[in-house]
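*Asks:* The structure's right below; bear with me while I get my questions together.
The values are calculated or read from the model by the stated rules, or taken from the named source; none is laboratory data. In this text, all values refer to a predicted model and were calculated from it rather than measured experimentally. All Cβ positions, glycine included, derive from the backbone under ideal geometry; neighbour counts span all protein chains shown. Side chains are part of the model used for accessible areas, which takes the heavy atoms of the whole protein and leaves out ligands, DNA and RNA. Shrake-Rupley method; radii C 1.70, N 1.55, O 1.52, S 1.80 Å.
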Amino acid sequence: MRAGGTGPAFPSPPEEQDVEFMTDIPSQSVAGTVSSIKEAERITIVTHTHPDGDAMGSSAGLYHYLRALGKEVCIAINDRHPGSLSFLTSGMEEDVAVYGEQPEATVGRIMDSGLVFCLDMNSFDRAESLGKVLKGAGCRKILIDHHLNPSKEEFDIIFSETGISSTSELLYYILLSLPWTEGKAENLPARTAEALMAGMTTDTNNFANSVYPSTFRMASELLAAGTDRDGIISRLYHNYRENRFRLQGELLKDNLRITSDGVAYMIIDKALAGRYDIQDGETEGFVNLPLGIGKVRMSLLLKEEDDRFRVSIRSRKGVSANMCASMYFNGGGHELAAGGRLVKGQDIPAEAGAAEIARYVESRTAEFFRQKK
Ligand code: 5GP
Ligand code: MN
């Protein structure tokens, strides 16, 4: 029977399937990955700058899997992941190399590796400074990612799938297809299972977006294998500081603007973040809130950093956050969830403040919707 269909429930043709299941991992790429892993003693995992739950979940998940195979493994990131995600890397801190803190040691770890996995990033550029290092590294590079438009020429083996919730989910199915796992979730190291569940959970906004049949299958199999989802939820969502909610209150009350096109935007400049002592990761999810308003078609959150405003964009079906991010904000991502940046002194005046950014957002999004018509 077709769930949600409008026609009669019976009879339904047995071959009919509403949604394709994304669990077909190309066997040639799997074979190449297996031999690459066997040949390499030292392996580095690289993920995108400003790593989020999926970036760190997939990286930690792969880290524990490769460690269980006896490999020397390191996770290399451009900048440190937020404290709220530190449970994913607990006990393995010395194997997390942060370029912003120890550039030489981090480059050294990559250069010493026989194999690099790039996770949750579609091109070297997404790793910022590490991107240049990757360009110069002679080792084999394997991409595992769920973003649009992967830079295929940069990698030796590519697992790229956009019809899937997250890199963590894609990695789950890749790991299942490796011979050591024998297709069984219960054969994954417990820390791998936990990290993949956490990464999938954050990238779907706890099963609200980008959820596929394969996503529920993964969750179901991991739960059956004993993954402590309650513990993960509690660490991800019940562990914030009060400051976050105080700022959220002010943003929704005084800061949120909605244009006549149904574009909602909020701007967190340094002064505002400073007043609430906001740290990296503490505004995670804010960009989704205005999408709860009926008339809002797209939501943007702009957050000031030293040299730029970081941009997060979310959209309703029919409006492409990815296109808006790539046309006006030097970024990209997914159809309905994307991001980018406005670099001071380059895309915007060096001294640009919130008022100037507001004008930029209003004029560019108005142009975006004008040319969409
Ligand atoms: P977020 O708003 O959560 O930071 O990012 C949403 C999505 O957009 C993520 O999939 C992320 O990888 C992508 N994204 C964020 N910033 C950038 C960027 O500067 N460039 C590109 N290409 N994608 C980005
Ligand atoms: Mn992701």
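*Asks:* Please tell me if Leu143 is within 17 Å of the chain's Cα centre (by Cα), within 15 Å of ligand 1 (Cβ to nearest atom) and either modelled with pLDDT under 95 or within 29 Å of Gln102 (Cβ to Cβ) (or both). Steps first, answer last, please.
*Replies:* Numbers: within 17 Å of the chain's Cα centre (by Cα): yes; within 15 Å of ligand 1 (Cβ to nearest atom): yes; either modelled with pLDDT under 95 or within 29 Å of Gln102 (Cβ to Cβ) (or both): yes.
Criteria met by Leu143.
*Asks:* Report whether or not Ala97 is away from ligand 1 (no atom under 14 Å from the Cβ) and closer than 24 Å to Glu194 by Cβ.
*Replies:* On the way: away from ligand 1 (no atom under 14 Å from the Cβ): yes; closer than 24 Å to Glu194 by Cβ: yes.
So Ala97 fits the description; yes.
*Asks:* I'd like to check something: does the stretch 298-309 contain any residue that is among the basic types (Lys, Arg) and open to solvent by 40 Å² or more (accessible area, probe 1.4 Å)? I'd like the intermediate steps shown before the answer.
*Replies:* Of the residues in the stretch 298-309, the ones among the basic types (Lys, Arg) are 303, 308.
When the remaining residues are screened for being open to solvent by 40 Å² or more (accessible area, probe 1.4 Å), the result is none.
No, the stretch 298-309 has no match at all.
*Asks:* What residue, of Arg241, Arg235, Arg217, is under 19 Å from Pro51 (Cα atoms) and either within 16 Å of ligand 2 (Cβ to nearest atom) or out of contact with any Pro (no Cβ under 9 Å at 6 or more places or on another chain) (or both)? Spell out how you get there, then give the answer.
*Replies:* On the way: Arg241 fails: under 19 Å from Pro51 (Cα atoms); Arg217 fails: under 19 Å from Pro51 (Cα atoms).
It is Arg235.
*Asks:* So, one more: Evaluate the stretch 270-282: report whether one residue or more is touching a strand residue (DSSP E or B) at 6+ places or on another chain (Cβ under 8 Å) and not charged (D, E, K, R). Steps first, please.
*Replies:* Looking only at the stretch 270-282, we keep the residues that are touching a strand residue (DSSP E or B) at 6+ places or on another chain (Cβ under 8 Å), and these are 270, 273, 278.
Now drop any that are not not charged (D, E, K, R), which leaves 273, 278.
Looking for residues that are touching a strand residue (DSSP E or B) at 6+ places or on another chain (Cβ under 8 Å) and not charged (D, E, K, R), one finds at least one in the stretch 270-282, hence yes.
*Asks:* Considering only residues that are crowded, with 16+ Cβ neighbours inside 10 Å and either hydrophobic (A, V, I, L, M, F, W, C) or under 17 Å from Asp306 (Cα atoms) (or both), which ones fall in the stretch 250-279?
*Replies:* Leu251, Leu256, Val263, Ala264, Met266, Ile267, Ile268, Asp269, Leu272, Ala273, Ile278
*Asks:* Working only within the stretch 203-240, note down all residues that are in a loop (DSSP other than H, G, I, E, B), among the aliphatic types (A, V, I, L, M) and closer than 26 Å to Gly339 by Cβ. Can you show your working first?
*Replies:* Taking the stretch 203-240 and keeping what is in a loop (DSSP other than H, G, I, E, B), we get 204-212, 225-228, 238-240.
Those left that are additionally among the aliphatic types (A, V, I, L, M): 208, 211, 225.
If the condition is that a residue be in a loop (DSSP other than H, G, I, E, B), among the aliphatic types (A, V, I, L, M) and closer than 26 Å to Gly339 by Cβ, then Ala208, Val211 are the ones that fit.
*Asks:* Considering each of Thr202, Thr192 in turn, give the residue that is closer than 17 Å to His81 by Cβ, buried (at least 22 other Cβ atoms within 10 Å of the Cβ) and either β-branched (Val, Ile, Thr) or within 16 Å of ligand 2 (Cβ to nearest atom) (or both).
*Replies:* Details: Thr192 fails: closer than 17 Å to His81 by Cβ.
Just one listed residue meets the conditions, Thr202.
*Asks:* Considering only residues of the stretch 65-82 that are in a helix (DSSP H, G or I) and open to solvent by less than 30 Å² (accessible area, probe 1.4 Å), which is nearest to Val107 (Cα to Cα)?
*Replies:* Just the residues of the stretch 65-82 that are in a helix (DSSP H, G or I), to begin with: 65-68.
In the following step, the residues that additionally are open to solvent by less than 30 Å² (accessible area, probe 1.4 Å) were identified as 65-66.
Values: Tyr65: 23, Leu66: 20 Å.
Filtering the stretch 65-82 for residues that are in a helix (DSSP H, G or I) and open to solvent by less than 30 Å² (accessible area, probe 1.4 Å), the one nearest to Val107 (Cα to Cα) comes out as Leu66.
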